Amino acid sequence: MFPSHNSDSNCRVLRFSVLIGLMVFLPLSIYGTYSDPGASDLLTLQQIRISGTITDSNTGEPLAGVNIVLKGTIIGANTDNDGKFSLNVPNLTGTLQVSFIGYITQDIAIGGRTSISVSLVQEVQALSDVVVVGYGTVRKSDLTGSVSTVKPADLLQLPVQRVDQAIQGRTTGVYILNTDGSPGGNTMIRIRGNNSIQGGNDPLIIVDGLQGANLNQLNPNDIASMEILKDASATAIYGSRGANGVILITTKLGKLGKPVIDAGYNIGIQNLARKLPVMDAASFARYNNFYQSFGTANGAIPKYYFTEADIAYYEENGGTDWQDEIYRTGVMQNGNIAISGATDRLKYMVSTAYLDHQGILINSSYKRISLRANLAADITKWVDFGLNYSYTNEKYKSPPFNSQEGDVLFMPVEDAPRWAPTEPVYDENGNYWKHRPGYGAYDTWNPVATALETKIEHPTYQNNVNLFLNFKPVKGLSLKIMGGGTFSNSYKSKYQNTKTRNGYAQNGVGNVDNSFYNMYQNTNILTYDNTFGPHHITFTGGIEDIFSSSFGTSMEGVDFLVDQLGTDNMDGAKSVTVDSWRSKRALISFMGRVNYGLFDKYLLTLSYRADGSSVFGKNNKWGYFPSGSVAWRISQENFLKGSPVVTDLKLRVSYGITGNQGIDPYGSLAQLGSWFRYPYINGTNLNIGFGIAGIPNPNLKWETTAQSDIGVDVSLFKGRLTSTIDYYKKVTDDLLMGRELPGYVGVGNVIDNVGSIENQGIEILIGGDPLVGKFTWNTSFNITINRNKVLDLGPGTERIGWVPTSGGYSLADDYMFLEVGQPFGLMRGWKYLGLWRSDEDAEARSYGQLPGTPKYADLSGPEGVPDGYVDEFDKTIIGHGYPKFTWGFTNLLTWKGFELSALILGSQGNDLFNTLRIRRETYEATDPKVWNYWTPENQDTDIPAHYDGQWVQDQLLQNKYIFGTSSGTTSRWVEDASFARLKTITLAYNFEQKLLNKIGFSKTRVYFSGTNLLTLTKYSGYDPEIAAYPGNDATIGVDMSVYPISKMYTFGIDFTF
Amino acid sequence: MKKRIFKTYSLVILSGVLLLFTSRCAKQLEENPTDFVGPDNFYSTPSQIESAFAASMDVLFGGWTFYDWYRYPEIFDMEDHVFGGDLVINDGFGNDCWSKHYEAIADINPAIKALIDNQVTGASDQEKDELMAQARFLRAWNYFMLVRYYGDIPLITETTDVTKDEIIRNPISEVYDLIVNDLLFATQKLPAVWPAEGKARPAADAAKTLLAKVYITMATAPTNDVTNYAMARDMAKQVIDAGNYSLVPNVEDVFKLDKEFGPEFMWSFHNSQEEYVIEPQIWLPGDMAGGWGDIKTEKRWGEAYPEEPRKHAYLLLEDNIFGTGTTYLNWDESTPYVKKFVAESKENLEKNVSYQSFPIIRYADALLLFAEAENMASGGPTQAACDAVNQIVNRATGGVANPNDPLFTTSMTKTQFDDAIIQQRSLELCFEYDRWFDIQRKRILDKVTDPNFLPNFSVNDYLMPIPQKDLRLNLKLTQNPGYTDPTP
């Protein structure tokens, strides 16, 4: 029946073509047999007209857009702007189901009436809500796992470019870190801590069933529901991809009734949230002369760079404020329009959105065009069909910042607050000024030149398509066959022309990277759901196959003949190097789940998944992931039933195993690297070197996370007060990590399963409606406490270190660590104790120091006791990059048409290593606080004293602070980065319905909002919420050249008509 | 009824088909990479063998990797020449040096094995011998560096299974056996001269000079086997007599860019014209092209350097390139900087670009090795020894008699001559990865180091610590005296 040759690609093509064939052919053929009787039924039955009005039970105002359906049929209608509806029914014995978002759905028996009016009660917490879970849905009341739901309305309260920014502070167990403030900038999402060192900690994101989505490419307006699966009971069904939690997003479909058009536009004005203080030019020049005057050691002659005339000139004419030169007022505009609707058999939603963000750093911007088309059709009574298609085009541009773009010493964000204010931007001929040597940040490059002359173009294109057929042959049984894929490519070009530092050195440097990513997913899910007396059982079983490939090319050209052409004409470069790459990965899975409920009180969920992954070593191709959970709805017991206080009370316990397969393809194979280049043969032209790059590991496998969770859900006073509290503990074993190899092997490490990490935490969410009625107040407070601990790093390894910063900051040795018994983000170095005081002169001299110079703790020595030296033995823990807890506080107040919402969030107990201060407060100082230097009369300061160099030499001190080239590795630069922030505050007005009716609109909302208006923190850098090295969770906590965040004021308007 | 049957039927088919497909495609889980090779399907042509050599050099000199940034072979910081040589040598000192040289050896060993196993096709026996000779030269040079840095070290050859845990530190004598055997093979099989298109490869004289240095090192501390002096002398004499190399006449020109392939440079780390790996700012003071001054001389040594043309050629005493008019007294630490490696054009220096080569073996060294060995083997200075070293002295002084840098004579005692040779090496070969090894083999660290740092001196400083990582991961390894062993 099938070809017998063994080609993978044939097999795959065949499978997909059969699948598509089935999807097209089956429904059509079946449709033919089904449609005859149905059509006549529909024509003859709709006879009696029922009409009525739907109002709000509190305010008595009519509600527009309420959905009324005759139960068990597809007959339905929506209310108009006056809350009125009418529909035709075959007889007057049925039941109408009246539903509206945010209100409790009511079933009204027609009971012979033709006029029916209903007042709907606003739902505070709807227990009957359906929650999306892995490969299915469950009633919220039946849920046994830990799942957070974020309401789409909450997501749209602040103007954001990505959805995850909107989740921040709104739910528990999710740590969101805005790693930088750039347009289109990324966010780090961690669900319940950090499980992995090298396997990645990003959650699995699934949009409409398609796995591995990118939140930056999703239009926030398209979201219908968003759930965050946290415990193993919820995520184990995703097996080897579930350990970091799962975010499930469903996009919108139209509702029965006439087509609805939703449109919105907003515009935001942004400014640098906080500027770093810098000296003016005269003050800088004076300070520099003052500083130089002490340089007399070894018989040196002090060299003064500024004359009195220079200083007088600066007094009169001022200098350059480099931050003003590179930052500007940014503008963010957002426009979106969606058309949605539904007929008896077809639901649809088509939307498009445009985002244009001009960032606060000159020459930075982000643009995004997105398009989505969702379709769902009932082909027959027992087959329906659906399509989700989305297209996103992003265009990203920014001058280089943070570590991913090369040497931090040549980046405008880092250089601007360091450049001497005495230096002009341009010389008299209009060329970019070069910093005069000898003082200031002369070893870096003109920040304006770097910002304006680095030409970056980075568009990405992504198509997601997802088709499904859903068969429901008998009651309770359904088979959903889904086939889809993601097809994306990205082009990145960067040209550093001869006015940039690298371009100047090499006569133009151009880079072009082109990459393609294709992912195909086939998911087949069989679901059986039925109730037998008190037993409610749901069985879910599935087979899934995911295949992805990526490939690309990258080029670098140097020495361009025509500077203006740059990367658009790589032929014009004298020397071009090219690389290309390709990799594939495959995942084949079988899964099953049983949900069982007895008397709606005792609930049990068991799930199991088997994953076969191509990236695992050949001895370990399959991994197995079971989970189980139970829940007890105590409120359903007789002693609580009907209680006026307790509306709902549920206790949940779960345990399960999930995995992480974040291994790069071919990671288990031996490898020779081809990237070595050395002019071995003729000394002039590079020869390609093939060198040893990896030794094989056939036993390589997934990381295993065992998680237990105990939680309670409470709802009191008919939902006026609700709370969810969870405790969890996760232990991740078999960490994917480079297992260290002895140096004589020639390869530093081999990727292996070593080490173990624990995360445990408490999540508390309390929400309520203190005020209902005409004036309403909805509020919620959440707090997440995660304790992360490294349990094991492999035999003989106590700690692993990183030195994320490159040259120029006296940080040559590791200072960020993973250490057994300690959490992620650990900083180690010498402990700064302030400056030596005058009365400590003798002790200071015993270390070769003087009063007024920094004092560091002498904690230990070779014998384990203080030895009079501060050296390697005295390094200690000096900071923690992750917070002890994070919290959020949301408020929504409404009165008539007005809405005021505010989100306050915070992070407590995290430190930042403020590297910039190392340069701004020492020998090339630009920070005005350096004038507050230590003197015997002014000892209460952190700025060291100045001593004549020759005099110090004559003291014949023997320095016992042995810091080598790592003198920056001290707690002097580590600061508490805890913060509390008014993230957003929005005032909105919904125009009165009556007014709108006259112009044909059903809803109009205008709003004014402020983002990042107020931040309380002791941190002295640009912002306490940043990460310079987001690529490695262990190095979170370092501030270095990060695009700063901005304050934003936004005005927006939304229409529905 | 018909409908129901059809539904059931289609469902069964569908499920069956899907199951069948999924099981058939389990072989998808096998990985067949297409964008890289493994060691099993490589090393079969001469250029693949040479690509292993290129990789082995790149790991040592490839863009801020190791030897290209002077600071990294940290032990050279402890020379009396280099500013800041405070003799504080902690347990982490020189760890990169260990792993990088072993990485180079790991690149070379499979090439040697492939040549032994006769895997290489399309080459004559002579070409194969030349490939093998290069491989063994490179391996010997890497081991020679390692054995001097660390003493006893694990010998990893083409037959060693590095994943086994029976690897121990082989005694120095075994390491030298390997080095000498490899180099003897290289001296015999390497061509006297490579054709111009392959001129950067090591030739026979490079191997001979290196072997002379190996012998002289074996004749001195710590092995002190003085019978090696004669062998060192003979080897160096072969190089001098062959006449393939000579001194550059003018001391100003020795490090000029057009001299990087001879007549004096014999084998070097090369910067490619296609890619520069060193930013010359490491050698320059802030006043000159915004220099960083990573490496500068120890003031005591720099100021004591005899006043002669060589001092101005090798040391940077004033800005005579950029015209800022500053002298070393204006620069950081008010000490002389290093000029040998800033022969680039002013324009390139301003651009932070340098294509300078760094000699590893230079003809001047062959002359000095000969003179030293001849004196020691003959029981005192001979005319031949004096003639050899005086070529260097005359060039340094420009032929002008200099009481601070006098010519060598046969009237000197053996010891005087030997001391003067070591001093002459110090002046001539400064900053060329050499002085430290002279200090080490002559055991003079306490005599030459800055007296301020003398309290930090210990005889244990002559060897660097075995990296903590290797000691932790292989309990059979032992630590050098004076350093911490993290394992019981």
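What follows draws every value from the coordinates through simple rules; no lab data is involved. Not measured: the values here are computed from a predicted model. FYI the Cβ positions are ideal-geometry reconstructions off the backbone, even for glycines, and counts take in every protein chain you see.
Things worth noting here:
- Segment A:Asn393-A:Gln908, length gained on full extension (0.36 nm per residue, minus Cα span): 181.7 nm
- Computed extension length for B:Ala401-B:Asp419: 4.5 nm, one decimal, from 0.36 nm per residue of separation with the Cα-Cα distance subtracted.
- Extending 7 Å from Cα along the Cβ direction at A:Val465 and again at B:Asn118 yields two label points whose distance is 5.8 nm.
- Distance between modelled label sites at A:Ala377 and B:Asp387, nm, 7 Å Cα→Cβ extension: 10.2 nm
- Within chain A, helices built from complete DSSP H runs that reach 20 Å or longer along their own axis (Cα positions) and carry a mean Kyte-Doolittle hydropathy of -0.5 or higher are A:8-45.
- Put in line by how crowded their Cβ is, counting other Cβ atoms within 10 Å and starting with the fewest, A:Met519, B:Met57 read A:Met519, B:Met57.
- Approximate spin-label separation B:Thr34-A:Glu457, in nm, with each point projected 7 Å along Cα-to-Cβ: 2.9 nm
- Relative frequency of Cα-Cα separations exceeding 20 Å in the stretch A:296-365, percent: 69 percent
- A cut-off of 5 Å between modelled amide H atoms, ignoring neighbours fewer than 5 places along the same chain, links A:Gly242 with A:Gly659.
- As an equivalent ellipsoid, the stretch A:923-1041 spans semi-axes of 55, 19, 10 angstrom, where each value is the square root of five times an eigenvalue of the C-alpha gyration tensor, largest first.
- Cβ neighbours within 10 Å from other chains - mean over A:666-677: 6
- Distant-in-sequence amide contacts of B:Phe269, defined by a placed amide H-H separation under 5 Å and a gap of 5 or more residues or a different chain, comprise B:Phe358, B:Ile360.
- Kirkwood Rh in Å, taken over all unlike Cα pairs in chain A: 32.3 Å
- Rounded to two decimals, the Cα radius of gyration of the stretch A:586-705 over 2.2 N^0.38 Å is 1.96.
- Two-site FRET efficiency, B:Leu454 against B:Ala192, from Cβ-Cβ distance with R₀ of 45 Å, rounded to 0.05: 0.45
- With contributions of -39500 (n - 2.57) from each DSSP H run of at least four residues, the per-residue ellipticity at 222 nm computed over chain A stands at -3000 deg cm²/dmol.
- Normalising the average separation of contacting C-alpha pairs (under 8 angstrom, six or more residues apart) by the number of residues puts the relative contact order of chain A at 11 percent.
- For the stretch A:594-665, the Stokes-Einstein estimate of translational diffusion at 25 °C and a viscosity of 0.890 mPa s comes to 163 µm²/s, using the Kirkwood hydrodynamic radius over alpha-carbon pairs.
- Förster radius 41 Å - calculated FRET efficiency between A:Lys960 and A:Ser293 (Cβ-Cβ, nearest 0.05): 0.90
- Backbone geometry of the stretch B:179-184 corresponds, through the Karplus equation with coefficients 6.51, -1.76 and 1.60 at θ = phi - 60°, to 3J(HN,Hα) couplings of 4, 5, 4, 4, 6, 4 Hz, x marking Gly and Pro.
- Computed over the stretch A:338-483, the quotient of the alpha carbon radius of gyration and 2.2 N^0.38 Å is 1.82.
- Within 10 Å of the Cβ of each residue in A:295-302, the mean number of Cβ atoms contributed by other protein chains is 4.
- Estimated FRET transfer efficiency when R0 is 25 angstrom, pair A:Thr876-B:Asn90 (beta carbons, to 0.05): 0.95
- The Rg/Rh ratio of the stretch A:687-753, with Rg taken over Cα atoms and Rh as the Kirkwood radius over Cα pairs, comes to 1.42.
- Put in line by how crowded their Cβ is, counting other Cβ atoms within 10 Å and starting with the fewest, A:Ser478, A:Ser240 read A:Ser478, A:Ser240.
- Each Cα pair under 8 Å and six or more residues apart adds its sequence gap; the mean of these over the residue count of the stretch B:259-323 is a relative contact order of 18 percent.
- A cut-off of 5 Å between modelled amide H atoms, ignoring neighbours fewer than 5 places along the same chain, links A:Arg139 with A:Val131.
- Considering only alpha-carbon pairs that sit under 8 angstrom and 6 or more positions apart, the relative contact order computed for the stretch B:124-228 is 28 percent.
- Remark: mean inter-chain Cβ contacts per residue of B:35-45 equal 5, using a 10 Å Cβ-Cβ cutoff to other protein chain atoms.
- For the pair A:Glu637 and A:Glu843, the difference between a 0.36 nm per residue extended length and the Cα-Cα distance amounts to 66.9 nm.
- Residue-wise HN-Hα couplings along the stretch A:1023-1037, as the Karplus relation 6.51 cos²θ - 1.76 cosθ + 1.60 with θ = phi - 60° gives them from phi, are 7, x, 10, 8, 8, 7, 10, x, x, 9, 4, 6, 10, 5, x Hz; Gly and Pro carry x.
- For the stretch A:522-533, putting each phi into the Karplus relation 6.51 cos²θ - 1.76 cosθ + 1.60 with θ = phi - 60° gives couplings of 10, 10, 10, 10, 10, 10, 10, 9, 7, 10, 10, x Hz, in residue order, rounded to whole numbers and with x for Gly and Pro.
- Listed by Cβ neighbour count within 10 Å, with the fewest neighbours leading, B:Glu307, A:Glu316 appear as A:Glu316, B:Glu307.
- Percent breakdown of C-alpha pair distances by 10 Å bin, ordered from the shortest bin, for the stretch A:140-187: 23, 46, 24, 7, 0
- Across chain B, Cα-Cα pairs more than 43 Å apart make up 21 percent of the total.
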